[in-house]
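Step one of this worksheet: look at the structure below.
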Amino acid sequence: MSECNFADLPWRAPGFHQRVQALAAGFGRQFGLPPVHQLGVLVPDVDAAATELERQGMERFFVAGGTPRFWREEGILHAMAGKLAMAYRDGVEIELLEPGRNTNWYRNSLAEGGCYAIQHLGYLVDDVDAVARRLQAAGYPLKVRGLLANLGMRCNFAYVDTRPVHGFITELIDLRVFGLRLPPAMIYRPLAKLQKLLGARHFNF
């Protein structure tokens, strides 16, 4: 991945947090959404991208891959398989995602020949389905509804196509551990440290 150095991904620029919040400030206020929690970035190879960003000074990523417990895309259930990575910069979660298998959702957003593409803005919400219905009522279609679940952790999520508003998809996220809602950084940062301790580049979910 040496040809892809992420030089124009503005994670090192001053005011990164404020710049991310500004991407959808009007939209967020209109629908009563919390501050943007996550910047979703599509890459051809999560392991290589995480390693390269860490080389450039990003904190260590937590990397995981596998098949979600549930993945409904455009109303059809899929046995989707993929890989993701999580790290934090200036209060924003940066999620790296591969195109995956048995899905077109991420692949269609990755620019042809590009190193990466910013696909979505993610928001932590109490009820994924309720907020998704509110956005659907305003004319924004629900594209994907999914669930990740493993070892007491459950992450309900939905992707809603809000690109006509601000150029990005909206992801709604409800992450809980044994039923408790914890700041995701309290989960993923220790897991990243555990991976480093074990010498593992990624875990399976």
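The values are calculated or read from the model by the stated rules, or taken from the named source; none is laboratory data. The model shown is predicted, which means the values in this text are computed figures rather than measured ones. Reconstructed Cβ throughout: ideal geometry from the backbone, glycine too, with neighbour counts over all protein chains shown. For the accessible areas, the whole protein counts, side chains as well, though only heavy atoms, and no ligand, DNA or RNA atoms are used. Shrake-Rupley method; radii C 1.70, N 1.55, O 1.52, S 1.80 Å.
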Calculated volume of the Cα convex hull per residue in Å³ (choose from (i) 105; (ii) 117; (iii) 265), label: (ii)
Reach of LYS143 by Cα under 20 Å, taken over lysines that are not fewer than 8 positions away in the same chain: LYS83
The stretch 1-99 accessible area per residue, 1.4 Å probe, protein heavy atoms, integer Å², reads 44 Å²
Among PRO34, PRO99, PRO44, determine the one that fluctuates most according to a GNM of the chain built with springs between C-alpha atoms less than 10 Å apart. PRO34
Ellipticity estimate at 222 nm from DSSP helix runs (n ≥ 4, -39,500 (n - 2.57)) divided over the chain, nearest 500: -7000 deg cm²/dmol
With LEU124 itself left out, Lys, Arg at +1 and Asp, Glu at -1 over residues whose Cβ is under 12 Å from its Cβ give -3
What residue among GLY15, GLY91, GLY28 shows peak mean-square fluctuation when the chain is described by a Gaussian network model with Cα springs under 10 Å? GLY15
How large is the dipole of the stretch 134-205 about the Cα centre if only Lys and Arg carry +1 and Asp and Glu carry -1, each at its Cβ, rounded to the nearest 20 debye? 220 debye
Short version: ³J(HN,Hα) in whole Hz for each residue of the stretch 21-35, in order, from phi by Karplus 6.51 cos²θ - 1.76 cosθ + 1.60 (θ = phi - 60°), x for Gly and Pro, what are they? 4, 6, 4, 9, 4, x, 5, x, 5, 4, 10, x, 7, x, x
Considering only the other residues whose Cβ falls under 12 Å of the Cβ of MET153, what net charge follows from Lys and Arg at +1 and Asp and Glu at -1? +3
Give me the 1.4 Å probe accessible area per residue for the stretch 124-183, excluding ligands and nucleic acids, in Å². 47 Å²
In nanometres, the difference between 0.36 nm per residue of separation and the alpha-carbon distance of HIS166 and ASP129 is 11.2 nm
Quick one: Karplus J couplings for the stretch 189-197, per residue in order, coefficients 6.51, -1.76, 1.60, θ = phi - 60°, nearest Hz, x for Gly and Pro? 5, x, 5, 5, 5, 5, 4, 5, 4
Rounded to a whole %, the carbon-and-sulfur portion of the accessible area of the chain at a 1.4 Å probe is 54 percent
